[in-house]
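Novice: This is the structure, below, for whatever I ask next.
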Amino acid sequence: MSSTSDVFLAVSAQAPEPSGKRHSMLTPVIEADDEAVTDRNPADKAEISHPEFDISSEEKQIFLTESQQSEYVASKNGGMSISGDAPEDVVDGPVVSEKFNSDGEYFDEMYSDSSSEDSDTQSKDGDYETDLEFDEEKWLYPERFDIDLTGKAKYVKTCEDMGISPTTYFIKHIQDRELKMKFHGLGPQRMKALAVPLQMNTNIEILNLEGNAIDEDGAICLTKVLRENFFITELVLAENNLRTEGGKAIGEMLINNRNLYKVDLTNNDIGDGASATFCEVLNNNKLLKIMLLGNNSFEDEGARLFKSAISDNTTLEVLDLSWNNFKNRGAILLAEALQENIGLKSFNMAMDGLGRDGAEAIARALRENRTLLELDISLNRINMEGAIALARGVKENDTLTVLKCGSNPFDSEGAMEILEAVDMNDSSELKLLDFSNIMVKMNFAKLQCRLQDERGMKIINEGVIPEFARTNSARLTAFRVDPIGTFKNNAERADVDLGELLVPYLDEEYSLDIKEFKTIIKNTKIDLSSEQINIIALRLSLDGRVQCRTLFDINEDEGDRSSGNSRVESPANTDRSDKSERRGSRTNNKMIPPKFVKNHVVT
């Protein structure tokens, strides 16, 4: 019995042409004469197959390599089947290089049927699809392929080249959406190193570098980065000592910038030299929404330029020009610009020197403007006349929701004028009214409570003036000087008749028990504290009894209540009359007024 390999070789030697079907390894060998097989015309060769052993396309590829090798050997021997004892010279014959694949196996295109061609096509297509998937992976997940989109590696390398240490906080948060590096002491040099990764970083959208003293050089370097970085939308450079040149650099960058919508340059000592640049920003940049230029050094010339730019701008929503060096004329120009503007929603003019004339200009703006929602005019030297003008503007405005006018010298009366104007304006939308550092009176507090309940307003003030406390203070001073006179005056204001009150309780010497006196006075409407009543009782008392002659303007040397020259003696007052005589009391012509005597008859 021949070996399995011999069977494979025999089957391969008799393999049909490419148009025929291949047999599987289990297909029996069909015996035929060698001559018949050899003499057969290739064109006349019939397909040799067994009806019960037709194979599938998958089975055709099982022994593809061995079949190709067998065909090659058969072709070298005149088409005869090769067995294990094939001639040595045939096996070792010359090898044609183009007939072998990369594995040293023979490949003949004559025996590559349609299934093999399809296989090759699928293989090539598979390779092509794999390449696409790899590129897509690199594009979707660049961090897997070591692509430095954050700029971390370049930042470290730049710091090494500049001889400075990298900022650890920046490296740690370089992939954050909002990078806050407030007061990290960067300075101009570290800012230059930081600019390298920021130029290619695609993660950071909000860049906050407040308080880092980057100066003019750092600002100029940063502007070069922002011209190429289209991902940063908010830039905060407050308190960086940019000065005028740094401000101009930022402004020139903003003129054509199309991704920043908020820029904060507060407290950078930017002067009028940069005002023209920022005005050009307002005229050309239609995407900028928030510009904060407070606490800088702009003056009246800058205000003149800003007036034109603010009047024409329709896209800026928030503008801060507070705490600059504007005088009264410059502040009035800004107020007039507000009157013509139709885009601003929030305007901060705190500490801009409005005064009375500026307040009147603001009042005109409030009557005309229908887009402004928040206005801050605190610390503007607005007096009582300016407050009255503001009240007229508030009375006709129906869009403003926040008004801050604290720390102005119009005091409680001016605050009351403005609050009453709000009360009379039924269409007012005010939700916050700020009178910080202004004391108000009790009537203001009552109206404030009502508006808070009815409209849900929030009204801020420094507190209610304690009017009663101020009155008591004055009365206490007067009481210390003249307690008896103050007592009599208080009784008169309270409409209390001391004669009708005390005479029924007095004895013949116009005195009564000290405890009884205190009880009577406490039960009246006289405005005196218990301490004050004690002081009066002690001042008028003698031997435990309150002497009321002083209260009725009766001198001690005057006679008793019933006669001007004689006394009506009674056993009960004998001792007291002796004491009176010892004091040297004498009668005179002055009599007790009839209202004090009541039922007693004066003779």
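The values are calculated or read from the model by the stated rules, or taken from the named source; none is laboratory data. Given the structure is predicted, the values throughout are model-derived calculations rather than measurements. We place every Cβ from the backbone using ideal geometry, glycine too, and count neighbours over all the protein chains shown. To get the accessible areas, we keep the full protein, side chains included, count just its heavy atoms, and leave off ligands, DNA and RNA. Shrake-Rupley method; radii C 1.70, N 1.55, O 1.52, S 1.80 Å.
Novice: Hey, can you tell me all the residues within the stretch 392-444 that are more than 20 Å from Glu462 (Cα to Cα) and in a loop (DSSP other than H, G, I, E, B)?
Specialist: Asn397, Asp398, Thr399, Leu400, Thr401, Asn425, Asp426, Ser427, Ser428, Glu429
Novice: Quick one: which of Leu235, Leu222 is buried (at least 20 other Cβ atoms within 10 Å of the Cβ), free of Cβ contacts under 8 Å to residues at least 60 places away in the same chain and in a helix (DSSP H, G or I)? Please lay out each step first, then the result.
Specialist: Details: Leu235 fails: in a helix (DSSP H, G or I).
Leu222 is the lone residue from the list that is buried (at least 20 other Cβ atoms within 10 Å of the Cβ), free of Cβ contacts under 8 Å to residues at least 60 places away in the same chain and in a helix (DSSP H, G or I).
Novice: Within the bounds of the stretch 463-479, is there any residue that is at pLDDT 85 or above and loosely packed, with under 12 Cβ neighbours inside 10 Å?
Specialist: Looking through the stretch 463-479, at least one residue is at pLDDT 85 or above and loosely packed, with under 12 Cβ neighbours inside 10 Å.
Residue-wise test of (1) assigned to a loop (DSSP other than H, G, I, E, B); (2) in contact (Cβ under 8 Å) with a residue 40 or more places away in the chain; (3) closer than 28 Å to Glu417 by Cβ.
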| residue | (1), (2), (3) |
| --- | --- |
| Phe306 | no, no, no |
| Thr314 | yes, no, no |
| Leu333 | no, no, yes |
| Gln339 | no, no, yes |
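Novice: Scan the stretch 425-448 for residues that are over 17 Å from Leu403 (Cα atoms) and of a type in the set (Gly, Ala, Ser) and report the count.
Specialist: 1
Novice: Can you tell me how many residues within the stretch 320-331 are open to solvent by less than 50 Å² (accessible area, probe 1.4 Å), outside any strand (DSSP E or B) and touching a strand residue (DSSP E or B) at 6+ places or on another chain (Cβ under 9 Å)?
Specialist: Number satisfying all stated conditions: 3.
Novice: Additional query: Among the numbered criteria (1) surrounded by 23 or more Cβ atoms within 10 Å (Cβ to Cβ); (2) in contact with a strand residue (DSSP E or B) (Cβ under 8 Å, 6 or more places away or on another chain), which single criterion is violated by Asn437?
Specialist: For Asn437, the failing item is (1).
Novice: Within 26 Å of Glu360 (Cβ to Cβ) and of a type in the set (Asp, Glu): is that true of Glu454 in this structure?
Specialist: Values: within 26 Å of Glu360 (Cβ to Cβ): no; of a type in the set (Asp, Glu): yes.
Judged against the criteria, Glu454 is not a match.
Novice: In addition: For the structure I just gave you, tell me whether Glu516 is over 60 Å from the mean Cα position of the chain (by Cα), at pLDDT 85 or above and of a type in the set (D, E, K, R). Working first, answer last.
Specialist: Values: over 60 Å from the mean Cα position of the chain (by Cα): yes; at pLDDT 85 or above: yes; of a type in the set (D, E, K, R): yes.
Here the answer is yes, as Glu516 does meet what is asked.
Novice: In the list Thr524, Thr587, which residue meets the criterion of being among the β-branched types (Val, Ile, Thr) and at pLDDT below 85? Give the derivation first.
Specialist: Details: Thr524 fails: at pLDDT below 85.
Selected residue: Thr587, the only one of Thr524, Thr587 that is among the β-branched types (Val, Ile, Thr) and at pLDDT below 85.
Novice: Please count how many residues of the stretch 487-518 are assigned to a helix (DSSP H, G or I), open to solvent by 30 Å² or more (accessible area, probe 1.4 Å) and under 15 Å from Leu540 (Cα atoms). Can you show your working first?
Specialist: Quick first cut of the stretch 487-518, residues assigned to a helix (DSSP H, G or I) only: 487-493, 498-505, 514-518.
Then keep just the ones that are open to solvent by 30 Å² or more (accessible area, probe 1.4 Å); that gives 488-489, 492-493, 500-501, 504-505, 514-516, 518.
Next, only the ones that are under 15 Å from Leu540 (Cα atoms) stay: 488, 514-516, 518.
Total satisfying the criteria: 5.
Novice: When you go through Leu379, Leu354, Leu375 one by one, which is the residue that is of a type in the set (A, V, I, L, M, F, W, C), out of contact with any helix residue (DSSP H, G or I) (no Cβ under 6 Å at 6 or more places or on another chain), under 30 Å from Asp264 (Cβ atoms) and crowded, with 22+ Cβ neighbours inside 10 Å? Break it down stepwise before answering.
Specialist: On the way: Leu379 fails: crowded, with 22+ Cβ neighbours inside 10 Å; Leu354 fails: out of contact with any helix residue (DSSP H, G or I) (no Cβ under 6 Å at 6 or more places or on another chain).
The match here is Leu375.
Novice: Under 6 Å between Cβ atoms, which residue pairs at least 6 apart in sequence (or on different chains) link something in the stretch 257-277 that is within 19 Å of Gly330 (Cβ to Cβ) and open to solvent by 30 Å² or more (accessible area, probe 1.4 Å) with a partner that is outside any loop (DSSP other than H, G, I, E, B) and not aromatic (Phe, Trp, Tyr)?
Specialist: Between residues of the stretch 257-277 that are within 19 Å of Gly330 (Cβ to Cβ) and open to solvent by 30 Å² or more (accessible area, probe 1.4 Å) and residues that are outside any loop (DSSP other than H, G, I, E, B) and not aromatic (Phe, Trp, Tyr), the close pairs are Thr266/Leu292; Asp269/Arg243; Asp269/Ser297; Asp272/Glu301; Asp272/Gly302; Gly273/Thr244; Ala276/Leu305.
Novice: Is it the case, given these coordinates, that Met384 is over 24 Å from Ile255 (Cβ atoms) and within 25 Å of the chain's Cα centre (by Cα)?
Specialist: On the way: over 24 Å from Ile255 (Cβ atoms): yes; within 25 Å of the chain's Cα centre (by Cα): no.
So Met384 does not fit the description; no.
Novice: Identify the residue in the stretch 445-461 that is of a type in the set (A, V, I, L, M, F, W, C) and assigned to a helix (DSSP H, G or I) and, among all such residues, is surrounded by the most Cβ atoms within 10 Å (Cβ to Cβ).
Specialist: The initial filter retains those residues of the stretch 445-461 that are of a type in the set (A, V, I, L, M, F, W, C), namely 445, 447, 449, 451, 457, 459-460.
Next, from what is left, pick out any that are assigned to a helix (DSSP H, G or I): 445, 447, 449, 451.
Values: Ala445: 15, Leu447: 17, Cys449: 11, Leu451: 19.
Going through the qualifying residues, I end up with Leu451.
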